[in-house]
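Just so it is clear, none of the values below were taken in a lab; they were calculated from the coordinates. This structure is a prediction, so every number in the text was calculated from the model and none was measured. Using ideal geometry, Cβ is built from the backbone for each residue, glycine included, and neighbour counts are taken over all protein chains shown.
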Amino acid sequence: MDGQATSIIKIKRGSEIPYSDLKGGPKLTKGHFEMSYEGDLQGEGILEELKCYFTETSATVYGLERFTGSIGNRIGSFVLEHDGTFEDGVLTSTQKVIPQSGTGDLKGIDGVINVESSESDAFSVTFNYSFDEEMAIFLREKEEEEDKYIEEEINVADKWIDLCNEQDVDALLEMTSPTIEISGPRGSGYGKVLLVEWLERTGLNLETLSIYGRKGSLVYEQLATWKGQEGRSAGEANVASVIKVKDGRVVYISRFDDLEKALKAAGLQETDKVL
């Protein structure tokens, strides 16, 4: 399927700052811009842009932009690679869709926007695009397979956490890799013996608040309660755990004092929230 969509791009907000300026050499800047698209191509764009200025009015331009919105009745997102020049106030740029960057109904999209404009705040563009339906099917099946895999990993992690809370050591060890890596604020180590010692020492109970995940890595936001003498609560705190599962067993767990640090360590973000 081939198509053409027109749109007016408006810069809602933006900034550009130098990050390297060497005497006798070009000035390097980085910019952040947020745009709206109005027309056949409807939505929002977020652009990170790099420029290499040879003079104050001459520069090469490179950037990556994520568009989120719609083309007709198709809703989703894709990433554009910007490559162009800035000469005497005129931006000339080719913006190509990065292959396999489409999401939602925009999976399998390919296309290009050619820009030549002296307007800095708003300009009209034409987006020539096509859809590779076979690629779209492949990407959807791949996503469904990954979702199924993540669901299986979560089921294992959920059961493993329940067994920790129940202090069911025998059943827990059956679901634990012999070389499990355990990491936390006090350091890290390996093996089932360390896991048992950790359970006995902390008397920890973990209540799941939210789950983030991609294939191969999970983050659990949890309310942790520590038991003191005679089973009384010795304190509680919100924590986050990075958990990795392989072949139906937990192979890695690392505890963090806050969710942001755990997500960063796992290479995840807010959009990876599954529960």
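Would you mind working out the magnitude of the charge dipole of the range 19-108 relative to its Cα centre, with +1 at each Lys and Arg C-beta and -1 at each Asp and Glu C-beta, to the nearest 20 Debye?
On the way: 8 positive and 14 negative charges, 62 e Å.
With Lys and Arg at +1 and Asp and Glu at -1, about 300 debye.
Can you give the FRET efficiency to the nearest 0.05 for Q42 and L22, using r as the Cβ-Cβ distance and R₀ = 51 Å? Intermediate results must be reported in sequence, preceding the final value.
Working: r = 42 Å, r/R0 = 0.83.
Given R0 = 51 Å and the Cβ-Cβ separation, E is 0.75.
Using a 10 Å cut-off on Cβ atoms, rank the peptides 180-189, 254-263 from the highest mean neighbour count down.
Details: 180-189: 13.7, 254-263: 17.7.
The peptides rank, most packed first, as 254-263, 180-189.
Tell me the net charge near V97. Cut-off is 9 Å between Cβ atoms, V97 excluded, with +1 for each Lys or Arg and -1 for each Asp or Glu. Please list the in-between numbers first.
Working: positive: K96; negative: E81, D110.
Counting the neighbours of V97, the net charge comes to -1.
With P(r) over Cα pairs in 10 Å bins from 0, in percent in mind, check (1) 5, 18, 19, 21, 16, 8, 5, 3, 2, 1, 1, 0; (2) 7, 30, 39, 19, 5, 1, 0; (3) 6, 23, 21, 18, 17, 11, 4, 0 and report the label derived from this structure.
(3)
Counting helices only, and only those DSSP H runs with n ≥ 4, report the 222 nm mean residue ellipticity of the chain as the sum of -39,500 (n - 2.57) divided by its residues, in deg cm²/dmol to the nearest 500.
On the way: 4 runs with 59 residues, N = 275.
Rounded to the nearest 500, it is -7000 deg cm²/dmol.
Output wanted: per-residue J couplings in Hz (rounded whole) for the range 21-32, from phi through Karplus 6.51 cos²θ - 1.76 cosθ + 1.60, θ = phi - 60°, x for Gly and Pro.
The phi angles translate into 9, 9, 4, x, x, x, 8, 10, 10, 10, x, 10 Hz.
Taking +1 at the Cβ of each Lys and Arg and -1 at the Cβ of each Asp and Glu, which of S77, L91, A59 sits farthest along the dipole of the range 29-93 towards its positive end, judged by Cα position relative to the Cα centre?
The residue sitting farthest along the positive end of the dipole is S77.
Which one of M135, G24, W160 has its Cα pushed farthest toward the positive end of the charge dipole of the range 24-169, where Lys and Arg give +1 and Asp and Glu give -1 at the Cβ?
The Cα lying farthest towards the positive end belongs to G24.
Hey, which aspartates and glutamates would be in cross-link range of K96, C-alpha to C-alpha under 16 Å, not counting anything within fewer than 8 residues on its own chain?
D2, E48, E49, E65, E81, D83, D110, E116, D132
Work out the length of the dipole vector of the range 151-275 about its Cα centre, built from +1 on the beta-carbon of each Lys and Arg and -1 on the beta-carbon of each Asp and Glu, and round it to the nearest 20 debye.
Using only the charged Cβ atoms, the result is roughly 420 debye.
Quick one: which of K51/K107; K192/K264; K148/K273; K148/K192; K148/K215; K215/K273 span more than 18 angstrom between C-alpha atoms? If you can, show how the numbers build up before the last one.
On the way: K51/K107 30 Å; K192/K264 26 Å; K148/K273 15 Å; K148/K192 28 Å; K148/K215 9 Å; K215/K273 13 Å.
As for pairs spanning more than 18 Å Cα to Cα, those are K51/K107; K192/K264; K148/K192.
Can you compute 3J(HN,Hα) from phi for each residue in the range 35-43, using the Karplus curve 6.51 cos²θ - 1.76 cosθ + 1.60 with θ = phi - 60°, rounded to whole Hz and x for Gly and Pro?
Per residue, the Karplus-derived 3J(HN,Hα) values read 10, 10, 10, 10, x, 4, 9, 10, x Hz.
Let me know the charge dipole size of the chain about its Cα centre in debye, to the nearest 20, where only the beta-carbon of Lys, Arg (+1) and Asp, Glu (-1) is charged. Can you show the working numbers first?
Values: 29 positive and 51 negative charges, 188 e Å.
The dipole of the chain has a size of about 900 debye.
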